[in-house]
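The values are calculated or read from the model by the stated rules, or taken from the named source; none is laboratory data. Everything numeric in this text was worked out from a predicted model, so none of it was measured. Reconstructed Cβ throughout: ideal geometry from the backbone, glycine too, with neighbour counts over all protein chains shown. Please note that ligands, DNA and RNA were not included when accessible areas were found on the heavy atoms of the full protein model with its side chains. Shrake-Rupley method; radii C 1.70, N 1.55, O 1.52, S 1.80 Å.
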Amino acid sequence: MKNKKLLSVISAAAAALVIASSLGGCASSSGDATLNANKDYAVKVISDFNSGSKAASFEFSDQAYAKGSLAAMIFKPDITAEDMQQIARNLFLTSITVTNEKGDIVACYPEGAESGNLKESKDKAMFNKIVKGISEKFMTDPVYNADSDNYSVLAGVKRTDADGAVIIGYDTEDYAAVTGGDLAEKCGANAVVIQDGKVISSTLEGVDKDKSLEDIGLTGDDLKKDSFTVKAGDKTYNAVAATKGDITVICASPAQ
């Protein structure tokens, strides 16, 4: 009887171990499946971005030039400071600079912010090519503002009432659609998007934009693995990665 009882206890313990092992395996498999599903979705997001990048860039530039053209159409030589301010408010502009055919600044918003010749300007000298007739419109690369998480845009067009240029400035979040700065949000939680070895977008807490792979404790070889771990803040995550074109997306989930 004792032997039978002992065998029953051993059999029950063995069965419990098998069940526990099986459940543990299911949990791990489920975690891997979820991560891989997240990766597949993120790859589609990146693929769509790559295929539409030229169109997004053209659309953004077109909108910037449209703002400039509207400002140029409204501007008149006898315009008042109040009217200039109203133009800026209506078009959501932070600055307006108007020159004559020689490049001399003849009007601006905010009032008194600029004077002299355009070619002497620290941030607008390159727009002198519009004054010279080399180009009818021109836009510099928007500058990212980390504090406000937006971009400062400068775009210029020819004056419509006389020779010269109208240069506008404004802040916008829309340029993220061109740079990929909003890709991580589209990919979902705990995603990191990397281009040229730097983070261009992230929803993983503790991993900030413009950080390098080295900054987040990873190498190019890690991204080629089937899976790897990444540390962000005081947490460790299981992660998988995929690359489309020159963009890599990392999908992570908290390690158990």
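For residue 93, the stated conditions hold: it is in contact (Cβ under 8 Å) with a residue 60 or more places away in the chain, crowded, with 18+ Cβ neighbours inside 10 Å and at negative phi. For the residues 215, 222, 234, the requirement of being charged (D, E, K, R), in contact with a strand residue (DSSP E or B) (Cβ under 6 Å, 6 or more places away or on another chain) and without any contact (Cβ under 8 Å) to a residue 60 or more places away in the chain singles out 222. Filtering 101, 120 for residues that are in contact with a Gly (Cβ under 6 Å, 6 or more places away or on another chain), open to solvent by 50 Å² or more (accessible area, probe 1.4 Å) and of a type outside the set (A, V, I, L, M) leaves a single hit, 101. Taking the numbered list (1) closer than 30 Å to residue 248 by Cα; (2) open to solvent by 30 Å² or more (accessible area, probe 1.4 Å) in turn, residue 46 passes all entries but (2).
Residue under question is residue 185, and the condition is that it be acidic (Asp, Glu), modelled with pLDDT of 95 or more and over 30 Å from residue 97 (Cβ atoms); does it hold?
The answer is yes for residue 185.
Every test in (1) in a loop (DSSP other than H, G, I, E, B); (2) farther than 26 Å from residue 134 by Cβ; (3) open to solvent by 60 Å² or more (accessible area, probe 1.4 Å) is passed by residue 79 save one, and that test is (3). Candidates in region 197-234 are the residues that are acidic (Asp, Glu) and within 14 Å of the chain's Cα centre (by Cα); of these, the one that is nearest to residue 41 (Cα to Cα) is 208.
Take residue 51 and decide whether it is open to solvent by 60 Å² or more (accessible area, probe 1.4 Å), modelled with pLDDT of 50 or more and in a helix (DSSP H, G or I). Yes.
Within region 55-80, the set of residues being out of contact with any strand residue (DSSP E or B) (no Cβ under 8 Å at 6 or more places or on another chain) and touching a residue at least 24 places away in the same chain (Cβ under 8 Å) comprises 56, 57, 60, 63, 73, 76. The residue pairs whose first member lies in region 166-191 and is on the phi > 0 side of the Ramachandran plot, whose second member is part of a helix (DSSP H, G or I) and among the hydrophobic types (A, V, I, L, M, F, W, C), and whose beta carbons are closer than 8 Å, counting only pairs six or more residues apart or on different chains, are 180/49; 188/42. The set of residues in region 129-149 that are in contact with a strand residue (DSSP E or B) (Cβ under 8 Å, 6 or more places away or on another chain), surrounded by 13 or more Cβ atoms within 10 Å (Cβ to Cβ) and under 18 Å from residue 168 (Cβ atoms) comprises 129, 130, 131, 137, 138, 139, 140, 142, 143.
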